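The values are calculated or read from the model by the stated rules, or taken from the named source; none is laboratory data. Everything numeric in this text was worked out from a predicted model, so none of it was measured. Cβ sites come from the backbone with ideal geometry, for glycine too, and all protein chains shown count toward neighbours. Surface areas here come from the heavy atoms of the whole protein model, side chains and all, with no ligands, DNA or RNA. Shrake-Rupley method; radii C 1.70, N 1.55, O 1.52, S 1.80 Å.
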2 protein chains.
Amino acid sequence: MTKIYYPYTQFVSDMQTLVQKIDKPFDAILCIARGGLTMGHFLGIHYDTRDVFAINSISYDDTQKLDEVKIFNIPDLRDAKSVLIVDDIVDSGDTLLEILRVLGEQFPSITFYTASIFYKKSAKISPTWYIHEATQWIEFFWEVDLKEK
Amino acid sequence: MTKIYYPYTQFVSDMQTLVQKIDKPFDAILCIARGGLTMGHFLGIHYDTRDVFAINSISYDDTQKLDEVKIFNIPDLRDAKSVLIVDDIVDSGDTLLEILRVLGEQFPSITFYTASIFYKKSAKISPTWYIHEATQWIEFFWEVDLKEK
């Protein structure tokens, strides 16, 4: 599969586009680690909120049954009315679906919005806002730039 | 006070220097939100660990008493032997000291290391590893780049 390098300059431009698209208010930003951490950092400062949290997931790939996703380190969202969940890419959608399921159960009164840079059309869920459709393998700057001299 | 812009290219170079300096093993990376999120993201990929977590703090500035720092969203670190705590700058050192105190109480068997990009000599604690001494106000790229056209 062709790999496409996604540079920092493109990220800055995409975040500028994203904040134009986001047309709902939210009280907190929840980064899906690791992919959403840089994005949540920038957006937290843009929206001037210190309530930038992270959540973790593990995917168990098991050929005997359906892929299973385990969610952990769920932050305390009690004070939020609505939360923006961010990730770099919505690929299969399994992680995002499971996070929304777990958070919806634990915080039934909170409205959750989702934003990603990339989104695959084959995903089981579409984020509320995204920038690009992913048709190739993306190599994000946070994955490769430290390797270069 | 003079403000110094800290660009992305400098960050990449500093992270390359930092990973040369870090000479102890660790099982997990803990980002102090928001400042340590981008740094933890890059380092998590460099060290090939999915155990990248975040922790939050609020500082209450009260002229009547000493500054008080409240730590929340403490991740589950039970499985770790040693943890690298990361932040962009160690300024007064109050946040880092309180995080180390709270985590040391909750996880007495874990060894905690700390790394920051900047460190102020007047801070009450020095990180295990840092890159620059801060003598001026730093404007990080994640604080300003979205504002530019």
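Odds and ends about this structure:
- Scope the stretch A:1-50; condition at the interface with chain B (Cβ under 9 Å from one of its Cβ atoms), in a helix (DSSP H, G or I) and without any contact (Cβ under 8 Å) to a residue 40 or more places away in the chain; matching residues: A:Thr9, A:Val12, A:Met15, A:Gln16, A:Val19, A:Leu37, A:His41, A:Phe42, A:Gly44, A:Ile45, A:His46
- Residue in the stretch A:89-101 that is within 14 Å of chain B (Cβ to nearest Cβ), open to solvent by 20 Å² or more (accessible area, probe 1.4 Å) and in contact with a helix residue (DSSP H, G or I) (Cβ under 8 Å, 6 or more places away or on another chain) present: no
- Among the candidates A:Trp142, A:Trp137, the residue that is closer than 23 Å to B:Leu43 by Cα, open to solvent by 10 Å² or more (accessible area, probe 1.4 Å) and touching a residue at least 60 places away in the same chain (Cβ under 8 Å) is uniquely A:Trp137.
- B:Asp76 falls short on exactly one of the conditions (1) on the phi < 0 side of the Ramachandran plot; (2) assigned to a loop (DSSP other than H, G, I, E, B); (3) without any contact (Cβ under 8 Å) to a residue 24 or more places away in the chain; (4) open to solvent by 90 Å² or more (accessible area, probe 1.4 Å), and that condition is (4).
- In summary, strands (runs of 3 or more DSSP E) completely within the stretch A:102-149 and bearing 3 or more residues that are in contact with a helix residue (DSSP H, G or I) (Cβ under 9 Å, 6 or more places away or on another chain) occur at A:111-119, A:129-133.
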